[in-house]
Amino acid sequence: QVQLVESGGGLVQAGGSLRLTCAASGRTLSSYYMGWLRQAPGKEREFVGCINKSGSSTYYGDSVKGRFTISRDNAKNTMYLQMISLKPEDTAVYYCAAAYGSMFVSPRNYDYWGPGTQVTVSS
């Protein structure tokens, strides 16, 4: 199995940018479809985006489309989430997750999760 750890979260002003990193250990990252999901206080976990095993295909939730970009470097066992034009409503704990089967939207389809990293966007 794979172990995942997110980093790069923090406090940023609205309109700013952050890049999150998901580092994998154990099984190689290239074995998995990967996703980013987030959870704001009092809300359900929400799909942000996902990427296929090679990195050639991505898919995003409507709320982040055009502002967030997912990429991966399988040689480094790492996935990234580049976030620009951040809004206060992007404030959440961001999780990376791995799946065996496909690029999934539903959080319940992911098999492995990192502990999360907090992103706070101030207005």
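So here's what we get for this one:
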| quantity | calculated |
| --- | --- |
| The lone exception for Phe68 - which of (1) open to solvent by 30 Å² or more (accessible area, probe 1.4 Å); (2) free of Cβ contacts under 8 Å to residues at least 40 places away in the same chain it fails | (1) |
| When residues of the stretch 67-98 are limited to those that are among the hydrophobic types (A, V, I, L, M, F, W, C) and over 13 Å from the mean Cα position of the chain (by Cα), the one nearest to Leu20 (Cα to Cα) | Ile84 |
| Options Thr91, Thr78; residue that is crowded, with 18+ Cβ neighbours inside 10 Å and at negative phi | Thr91 |
| Number of the condition not met by Val64 [criteria: (1) among the β-branched types (Val, Ile, Thr); (2) assigned to a loop (DSSP other than H, G, I, E, B); (3) more than 13 Å from the chain's Cα centre (by Cα)] | (3) |
| Residue pairs meeting the criteria (Cβ under 9 Å; at least 6 apart or on separate chains; first under 23 Å from Gly8 (Cα atoms) and open to solvent by less than 50 Å² (accessible area, probe 1.4 Å), in the stretch 97-120; second in a loop (DSSP other than H, G, I, E, B) and among the hydrophobic types (A, V, I, L, M, F, W, C)) | Ala97/Phe104; Tyr110/Phe104; Val119/Leu86 |
| Qualifying positions in the stretch 1-48 - open to solvent by less than 50 Å² (accessible area, probe 1.4 Å), touching a Phe, Trp or Tyr at 6+ places or on another chain (Cβ under 8 Å) and assigned to a loop (DSSP other than H, G, I, E, B) | Gly9, Tyr32 |
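The values are calculated or read from the model by the stated rules, or taken from the named source; none is laboratory data. Bear in mind the structure is a predicted one, so any value in this text is a computation, not a measurement. Neighbour counts run over all protein chains shown; Cβ positions are idealised from the backbone, glycine included. Remember, those area values only see protein heavy atoms, side chains included, never the ligands or the DNA or RNA. Shrake-Rupley method; radii C 1.70, N 1.55, O 1.52, S 1.80 Å.
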